[in-house]
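To start, the structure under review is shown below, and the notes come after it.
Nothing in this text is a laboratory measurement; each read-out follows from the coordinates by a stated rule. Quick caveat: nothing in here was measured; it's all calculated off a predicted structure. Please note: Cβ atoms are built from the backbone with ideal geometry, for glycine as well, and neighbour counts cover all protein chains shown.
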């Protein structure tokens, strides 16, 4: 009983510092979409970090996970999610499941999320964690994310959590007209986050900010 009480108090403490992080590091830096802010509060980032990193889970920094990868900075997760402009009924493609943290946020915001991860160990762990957390609207695939998931296309939106040398044409192809793609791309001065919108007249591309992501592996 005593250990259970301690556990509940620690969970309450983590929820408190998560709320503070969202207010001070995410909302204060310009993320205003209330659905995104609510999703960031709902998703327990400490559930996706290694045990030795739980005490640092609500610092606004990337943190290492296994296989030489990282869990993304909460502000960047919130920013990328907001750029998709989801209203709740969309089907979203995610490239790079990683820890599953961004996947969970997308699952809070969209009707269905298809997520692709190249690393089998990461894919297995994320699927297990997200299942235990009760998510039912996520489909998982292990493979080359640059190829998307053509059998399940088209998508309303797509989000990439690794930096590509160039925008993979298959991801653009799998978007619906009006669909949005948020992707880190290698630029002349380093990585930049881009918002690409597919229109009847072609692609509209906007550079958002400088970022730092692990490189996309397996891209054709």
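Assorted remarks:
Matching residues to (1) surrounded by 11 or more Cβ atoms within 10 Å (Cβ to Cβ); (2) under 19 Å from the mean Cα position of the chain (by Cα); (3) touching a residue at least 40 places away in the same chain (Cβ under 8 Å):
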position: 24; (1), (2), (3): yes, no, no
position: 33; (1), (2), (3): yes, yes, yes
position: 41; (1), (2), (3): yes, yes, no
position: 48; (1), (2), (3): yes, yes, yes
position: 63; (1), (2), (3): yes, yes, no
position: 66; (1), (2), (3): yes, yes, yes
position: 70; (1), (2), (3): yes, yes, yes
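- Some residue of the range 94-110 being surrounded by fewer than 21 Cβ atoms within 10 Å (Cβ to Cβ) and in contact with a strand residue (DSSP E or B) (Cβ under 7 Å, 6 or more places away or on another chain): no
- Scanning the range 165-181 for residues that are surrounded by fewer than 22 Cβ atoms within 10 Å (Cβ to Cβ) and under 17 Å from residue 83 (Cβ atoms) turns up 167, 172, 176, 178.
- For residue 34, the conditions (1) in contact with a helix residue (DSSP H, G or I) (Cβ under 9 Å, 6 or more places away or on another chain); (2) closer than 30 Å to residue 176 by Cβ all hold with the exception of (1).
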